[in-house]
Amino acid sequence: MKKRYSIIWFALVIALASCRKYVEIDQLSIRTLKYTSDFRNTMNNNNVLEGTFSYPILSGDDTEITDATRQNSLGDILGNVYSWAPKYTSESQSDGDWEKQYKTIYVCNEVLEGVLTSQDGTEAEKQRIYAEALVHRAYAYLILVNMYGKQYNAATASTDLGIPLLTTPSLYTKLNRTSIAAVYALILKDLSTSISRLPAIADYNVRPSKVSAYAIFAKTYLNMRDFNNAALYADSALALQSALLDLKAYESAPGTIPVRLSNPEIIFSKISSVVYPAISLSSDLLASLGTTDLRYKLFSDVRSRFGSQFSSSFAGRASCRYLINEFVINNGPTVPEMMLIKAECLARAGKTTDAMNIVNGLRVKRFTTANYLALSAANASDALRIIVEEKRREFFGTGMRWFDQKRLNQDSEFALTKNRSFKGVNYTLQPNSNLYLYPVGDKYILLNPELEQNPR
């Protein structure tokens with residue numbers, strides 16, 4: 001049992017110093033969570049709670065690593081991720097994305113178990129901290145279920161394998177995988193419970209608030225293909241936060257783009273757990289961007305920007321978002337994402353003009369006045385295609401494209417076969433392939449035999 005604990009919780013008893021509840025006094029050099037301020041300080045640990053995913057940055061089709069120098073620098077695990085391999089890690093290797101999210105969940109479960117009965121805090125403080133833990137946990141589970149589980153399908157969600165669903169910080173919790181439906185039910189329950197206890201807007205965007213809970217609701221319902229609710233919650237989020245950066249203001253000074261804590265577009269700051277340097281962009285993405293799009297000019301660059309990361313023969317472009325003012329990649333909910341979720345839902349409802357008005361409301365902030373051209377759609381289907389392409393352009397290099405690829409396989413017009421070459425070998429990813437399900441690490445299955453591997 002000790003082995004199970006050390007693997008799934010990533011030695012969190014040391015990190016949190018909050019177990020040992022059978023001892024009635026604080027341990028020497030260990031601070032037991034007792035006061036409301038202890039729980040607030042735990043929820044302020046952004047090193048744990050702000051981190052999200054990194055592997056999808058390599059998996060998605062906005063990434064295309066053709067340069068031999070970059071391919072050789074990936075190593076075995078990242079090379080497996082990039083080539084959609086059946087297995088990513090050996091029995092002795094850890095899955096960083098899996099452990100990062102379960103570490104977040106452990107922190108949240110510790111807080112949820114104890115904060116409401118903590119000492120010295122006000123009831124309002126306790127309720128807010130409790131709600132923040134629910135939102136962080138919901139988002140972690142949304143990431144995990146969409147990385148390691150099948151895409152939500154209402155017809156099969158009750159039997160499709162999801163992920164281990166842990167709701168207490170118990171050392172001895174079974175790690176059987178619950179159904180996709182059960183995971184989504186907990187996400188929705190956590191978000192619903194949190195709303196009334198949160199402020200509309202947080203003092204810092206790393207903390208959950210009503211607007212971030214609404215945004216996660218919108219993402220969740222979009223994945224469930226409940227487009228009516230996805231639109232309603234995107235609307236609710238945008239009613240509280242709708243500011244956009246006008247990239248024209250930063251064309252000649254990209255280093256002045258606001259950092260994440262002061263960026264008005266960021267609803268809930270979540271950053272990639274790892275920043276991969278010099279991720280080159282696919283040729284079809286670059287063709288879609290064009291050379292006058294300010295996202296092309298500001299967020300991608302040529303080989304010389306990245307030093308020796310590429311060979312001298314590399315003639316493409318790579319994402320440089322992380323180089324602008326902070327060495328981070330933000331992939332949490334944002335105003336542009338809520339706009340594009342709402343636009344997609346409108347297009348699916350046949351409201352072509354309304355959908356395109358939202359798209360153009362975003363695009364006008366992404367071009368100089370001289371280069372801006374409003375887009376038009378012939379019909380709702382055309383509008384949906386434009387919206388999907390716009391979302392790819394808006395979020396390239398963040399890993400978000402992978403989740404849309406997987407989700408959109410349920411739409412025949414977007415279910416495309418993907419191909420890439422890696423170290424002289426060609427790889428193919430078919431629509432709805434089991435390779436869209438990230439493998440559960442052999443290390444975890446070895447020590448927790450009740451964990452089932454994904455079909456390969």
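Answer with yes or no whether S194 is surrounded by 24 or more Cβ atoms within 10 Å (Cβ to Cβ), under 25 Å from A124 (Cα atoms) and at pLDDT 95 or above. The answer is yes for S194. Determine whether the stretch 371-385 contains at least one residue that is buried (at least 19 other Cβ atoms within 10 Å of the Cβ) and either in the same structural domain as L238 (by TED's automatic domain parsing) or not hydroxyl-bearing (S, T, Y) (or both). Looking for residues that are buried (at least 19 other Cβ atoms within 10 Å of the Cβ) and either in the same structural domain as L238 (by TED's automatic domain parsing) or not hydroxyl-bearing (S, T, Y) (or both), one finds at least one in the stretch 371-385, hence yes.
Out of the residues in the stretch 346-374 that are in a helix (DSSP H, G or I) and hydrophobic (A, V, I, L, M, F, W, C), which is nearest to A231 (Cα to Cα)?
Only one residue fits best here, namely L346.
Taken together, V206, V145, V211 contain a single residue that is assigned to a loop (DSSP other than H, G, I, E, B), closer than 30 Å to V259 by Cα and either at pLDDT 95 or above or touching a Leu at 6+ places or on another chain (Cβ under 6 Å) (or both), which is V206. Please count how many residues of the stretch 319-344 are under 30 Å from N229 (Cα atoms) and not in a helix (DSSP H, G or I). Matching residues across the stretch 319-344 total 6.
G397 fulfils the conditions (1) assigned by TED's automatic domain parsing to the domain that holds N153; (2) at positive phi except for a single criterion, (1). Among the residues making up the stretch 114-139, a single one is of a type outside the set (A, V, I, L, M) and touching a Pro at 6+ places or on another chain (Cβ under 6 Å): E132. In the stretch 431-445, the residue that is surrounded by the most Cβ atoms within 10 Å (Cβ to Cβ) out of those that are over 23 Å from G75 (Cα atoms) and in contact with a helix residue (DSSP H, G or I) (Cβ under 9 Å, 6 or more places away or on another chain) is P431. Whenever a residue of the stretch 430-448 is under 18 Å from S83 (Cβ atoms), its partners that are crowded, with 17+ Cβ neighbours inside 10 Å and among the acidic types (D, E), lying with C-beta atoms within less than 6 angstrom and at least six residues away or across chains, give the pairs G441/D95. For A318, the criteria (1) touching a Gly at 6+ places or on another chain (Cβ under 9 Å); (2) closer than 23 Å to A215 by Cβ hold in every case but one, which is (2). Based on what the data block shows, is L116 closer than 22 Å to T36 by Cβ, surrounded by fewer than 22 Cβ atoms within 10 Å (Cβ to Cβ) and among the aliphatic types (A, V, I, L, M)? The answer is yes for L116.
Residues that are of a type in the set (D, E, K, R) and within 15 Å of D235 (Cα to Cα) within the stretch 346-381 comprise just one, D354. Among the residues of the stretch 214-225, the one identified as more than 10 Å from L188 (Cβ to Cβ) and in a loop (DSSP other than H, G, I, E, B) is R225.
What residue, among those in the stretch 50-82 that are assigned to a loop (DSSP other than H, G, I, E, B) and among the charged types (D, E, K, R), is surrounded by the most Cβ atoms within 10 Å (Cβ to Cβ)?
Just the residues of the stretch 50-82 that are assigned to a loop (DSSP other than H, G, I, E, B), to begin with: 50, 52-54, 60-62, 64-67, 74.
Going one step further and asking which of them are among the charged types (D, E, K, R), we end up with 50, 61-62, 64, 67.
Details: E50: 21, D61: 18, D62: 27, E64: 20, D67: 21.
Out of the qualifying residues, it is D62.
Among the residues making up the stretch 285-313, those that are in contact (Cβ under 8 Å) with a residue 24 or more places away in the chain and within 22 Å of K418 (Cα to Cα) are L285, L286, S288, L289. Suppose we keep only residues that are surrounded by 14 or more Cβ atoms within 10 Å (Cβ to Cβ) and in contact with a strand residue (DSSP E or B) (Cβ under 8 Å, 6 or more places away or on another chain) within the stretch 414-429. Which one would you say is nearest to R385 (Cα to Cα)? Going through the qualifying residues, I end up with K418.
Could you list all residues from the stretch 261-302 that are of a type in the set (G, A, S), within 13 Å of E394 (Cα to Cα) and either at pLDDT below 95 or surrounded by 18 or more Cβ atoms within 10 Å (Cβ to Cβ) (or both)? Residue satisfying the conditions is S300 alone. Just one residue in the set A140, A85 is in a loop (DSSP other than H, G, I, E, B) and aliphatic (A, V, I, L, M); that residue is A85.
Within the stretch 271-302, the set of residues being of a type in the set (A, V, I, L, M) and part of a helix (DSSP H, G or I) comprises L285, L286, A287, L289, L294, L298. For the stretch 303-318, the tally of residues that are surrounded by 13 or more Cβ atoms within 10 Å (Cβ to Cβ) and in a helix (DSSP H, G or I) stands at 4.
The values are calculated or read from the model by the stated rules, or taken from the named source; none is laboratory data. All values derive from a computational prediction rather than experimental measurement. Counting neighbours? That spans all protein chains shown, and the Cβs are built from the backbone with ideal geometry, glycine included.
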